[in-house]
Amino acid sequence: MYIELKNINKSFGDFQASKDVNFAIEKGKLVGLLGPSGSGKTTILRMLAGLEHQDSGDICINGNVVNDLPSSQRGIGFVFQNYALFPYLTVYDNIAYGLKIQKKDKKFIKQRVTELLDLVGLPGLEKRYPDQLSGGQRQRIALARALAPNPEVLLLDEPFAAIDAKVRQELRTWLRETIDKIGITSIFVTHDQDEAIEVADEIIITNEGRVEQMGDPVEIYLHPKTPFVAQFIGKSSIIEEYGKLKGFDSIGPDTRAIIRPEFVEIKSPKDVTEQSSIYEQAAVEQSIFRGNYFEVLLNIKGITIRTNSPLVNGPLKSGDKVWVVINQMYVFDDKTTTTLT
Ligand code: ATP
């Protein structure tokens, strides 16, 4: 494994921001650290970069324990969300910054800056200042600057958080392609599940300072190991009394279940008869038009479940009666997660 965190703990005063954090990352992977605000993502990144020191545990990069290595000697490039570029330096000088510190000669620096501007798709912008660039361009330049000294590891802290939705989408694809080109081991922090699922080879889910689960996006989505992961990913509904629901009534209503929107199908009345053993009658509590579908909150026997209804089902409004079938759910007890179908 190329990067390893072993039993890492970190407190700020009384507050424990990292609780026994363990994970390992293979060389060349792009890994997303995903979790709600305050769950300890940035703290993990900062400890890896050597900007913060863990209270206990080991950080290894390429087989070496780097606990006592200063940030500048860890071979890490860092891209931050906001204050990424020096505002008073040109694009050229921003990218050249780390290389000048390394005392590289002028010819080498010029060649490297040109190469990096090509890599990030912005050739010819050497003389601009950061305030003459769009948000997306700034983050591309920030990446060029982080990559200039040829780091072994790239860390990105919510790199696109301040950028509007459309450009952000383009930047995600671009980041994936650029990192693939250079094959650098990278970790990025995000609280946006779509971003993590779309971009990352593997996702680490953090919650209250702990790692809840690590796995590839498909595994995390289809096989959540904890209620937190099941609920955090995929707009799920948490159900206390799932034993009330048809098809699940023999199981016993004692534990919690989680139902994803896509586990629920809405049927038109003509497809269903009153006697049907699998369909439930539901009332629409709320229906939100999302452009190419309706996001719908349904009430089934007092239980509220979120689902999506395709436009072909027609518009739905509060109070409408519909028929639904629930195809699947995740059920949790203290230790295990079971998928019921
Ligand atoms: P966000 O998505 O909001 O950036 P995060 O998951 O990255 O959150 P961290 O920034 O790692 O979370 O912070 C975790 C917790 O540690 C937060 O409650 C934060 O207030 C606390 N914390 C972080 N750095 C410090 C510090 N230097 N001093 C005191 N508390 C801190």
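Could you list all residues from the range 187-240 that are farther than 22 Å from L48 by Cα and among the small types (G, A, S)?
A230, G234, S236, S237
Take the range 323-341 and flag every residue that is loosely packed, with under 12 Cβ neighbours inside 10 Å and hydroxyl-bearing (S, T, Y).
Listed by number, the residues that qualify are T336, T341.
On the basis of being at pLDDT below 95 and within 25 Å of L119 (Cβ to Cβ), does D201 make the cut?
No: the conditions fail for D201.
Determine the pairs where a residue that is surrounded by fewer than 20 Cβ atoms within 10 Å (Cβ to Cβ), located within the range 225-243, has a partner that is small (G, A, S) with Cβ atoms under 7 Å apart, the partner being 6 or more residues away or on another chain.
Pairs found: G243/G252.
Mind counting the residues in the range 138-159 that are without any contact (Cβ under 8 Å) to a residue 60 or more places away in the chain and under 22 Å from the mean Cα position of the chain (by Cα)?
Matching residues across the range 138-159 total 2.
When residues of the range 58-89 are filtered for being touching a strand residue (DSSP E or B) at 6+ places or on another chain (Cβ under 7 Å) and touching a residue at least 40 places away in the same chain (Cβ under 8 Å), how many remain?
Counting residues in the range 58-89 that are touching a strand residue (DSSP E or B) at 6+ places or on another chain (Cβ under 7 Å) and touching a residue at least 40 places away in the same chain (Cβ under 8 Å) gives 12.
Scan the range 244-276 for residues that are crowded, with 20+ Cβ neighbours inside 10 Å and modelled with pLDDT under 70 and report the count.
0
Would you check if F160 is at pLDDT below 90 and either β-branched (V, I, T) or within 16 Å of the ligand (Cβ to nearest atom) (or both)?
Spelling it out, F160 is indeed at pLDDT below 90 and either β-branched (V, I, T) or within 16 Å of the ligand (Cβ to nearest atom) (or both).
Report yes if N62 is surrounded by fewer than 18 Cβ atoms within 10 Å (Cβ to Cβ) and on the phi > 0 side of the Ramachandran plot, otherwise no.
So N62 fits the description; yes.
Name the residues in the range 304-322 that are of a type in the set (G, A, S) and surrounded by 10 or more Cβ atoms within 10 Å (Cβ to Cβ), would you?
S309, G314, S318
Which one of these does Y279 not meet: (1) over 15 Å from K301 (Cβ atoms); (2) of a type outside the set (V, I, T); (3) modelled with pLDDT of 80 or more?
(1) is the only condition that Y279 fails.
Looking only at the range 163-201, count how many residues are among the aromatic types (F, W, Y), without any contact (Cβ under 8 Å) to a residue 60 or more places away in the chain and within 16 Å of the ligand (Cβ to nearest atom).
Matching residues across the range 163-201 total 0.
Only one of these conditions is not met by Q73: (1) farther than 24 Å from L147 by Cβ; (2) out of contact with any Asp or Glu (no Cβ under 9 Å at 6 or more places or on another chain). Which number is it?
Unmet for Q73, out of (1) farther than 24 Å from L147 by Cβ; (2) out of contact with any Asp or Glu (no Cβ under 9 Å at 6 or more places or on another chain): (1).
Out of the strands (runs of 3 or more DSSP E) lying entirely within the range 6-93, which hold 3 or more residues that are within 16 Å of the ligand (Cβ to nearest atom)?
By residue number, 15-25, 30-34.
Among helices (runs of 4 or more DSSP H) lying entirely in the range 102-201, which contain 3 or more residues that are closer than 19 Å to V31 by Cα and out of contact with any helix residue (DSSP H, G or I) (no Cβ under 6 Å at 6 or more places or on another chain)?
Fully inside the range 102-201 and qualifying: 135-147, 165-182, 193-199.
Based on what the data block shows, is D157 within 29 Å of L117 (Cα to Cα), touching a Phe, Trp or Tyr at 6+ places or on another chain (Cβ under 8 Å) and not aromatic (F, W, Y)?
yes
Return the pairs, sorted by first residue and then second, in which the second residue is among the small types (G, A, S) and away from the ligand (no atom under 13 Å from the Cβ), the first residue lies in the range 28-57 and is in contact (Cβ under 8 Å) with a residue 12 or more places away in the chain and more than 24 Å from I220 (Cα to Cα), the beta carbons are less than 7 Å apart, and the residues are 6+ apart or on different chains.
Qualifying pairs under 7 Å: A49/S71; G50/S71; L51/S71.
The values are calculated or read from the model by the stated rules, or taken from the named source; none is laboratory data. Remember, predicted model here, so these are calculated numbers, not experimental data. Every residue, glycine among them, receives a Cβ derived from its backbone with ideal geometry; neighbour counts consider all protein chains shown.
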